[in-house]
Amino acid sequence: MTGCAPTSQQESLYTRLGGEAGITDIVEDFTLRLADDPEIVIFFANSNIDLFVASLKEQLCDIANGPCRYEGPPMDRAHQHMGLTDAHFNAVVQHMQDALIHQEVPVGARNQLLGRLARLHGDIMRLQ
């Protein structure tokens, strides 16, 4: 009967990320990494960081099939006219990966989340 036991692959990505608490920790770690990067922090100079953090938590929860629905702006509109380059995008991805590693997110869940986030590249970079 061990074949009937639930596996981590049957758990939602949201659960494997640690649920609400895990996503909160990931976003806080990630945000601190962005703040420490002089090439990236400039994009947040006129931003409401509390709103950014809340919106990112909601978005990650939604992307991970959690109980949230992302209500923020579409990625193309949120990033329009920012002048982002692929180097900026790649730096942000690296910061997210580093935050996930630091928060001890299992490699499978980490890769799954990064894969889902990678789908946003086209929208984020569309108007650059």
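Rule-based calculations on the coordinates, nothing more; no lab input. Keep in mind that what you see is a predicted model, and the values were worked out from it rather than measured. Please note: Cβ atoms are built from the backbone with ideal geometry, for glycine as well, and neighbour counts cover all protein chains shown.
Identify the GluC sites (Glu not before Pro) of the range 31-128 meeting these criteria: DSSP loop state and at most 12 other C-beta atoms within 10 Å of the C-beta.
Working: sites: Glu39, Glu58, Glu71, Glu104; in loops: Glu71, Glu104.
Those satisfying the criteria are Glu71, Glu104.
Arranged by the count of other C-beta atoms within 10 angstrom, fewest first, what order do Val27, Val107, Val92, Val41 take?
Ascending number of Cβ neighbours within 10 Å: Val107, Val41, Val92, Val27.
What residues of the range 90-109 lie in the reach of a label at Asp36, counting those whose backbone N is under 16 Å from a point 7 Å from the Cα along Cα→Cβ?
It comes to 91-104, nothing else.
Let me understand the range 29-85 better: what is its radius of gyration from the alpha carbons, and its Dmax, in angstrom?
12.3, 34
If each residue of separation counts as 0.36 nm, what is the full-extension length gain between Leu51 and Thr85 once their alpha-carbon separation is subtracted?
Numbers: separation 34, 0.36 × 34 = 12.24 nm, distance 2.37 nm.
Here the answer is 9.9 nm.
By what distance, in whole Å, do the Cα atoms of the range 14-124 stretch along each of the three principal axes, largest value first?
Each principal axis gives a Cα extent; for the range 14-124 these are 35, 27, 25 Å.
For the residue pair Asn65 and Gln94, what label-to-label distance in nm results when each label sits 7 Å from Cα along the Cα-to-beta-carbon direction?
My value for the distance between the label points is 3.2 nm.
If the convex hull of the alpha-carbon atoms of the range 80-128 is projected onto planes in all directions, what is the mean projected area in square nanometres?
That works out to 3.3 nm².
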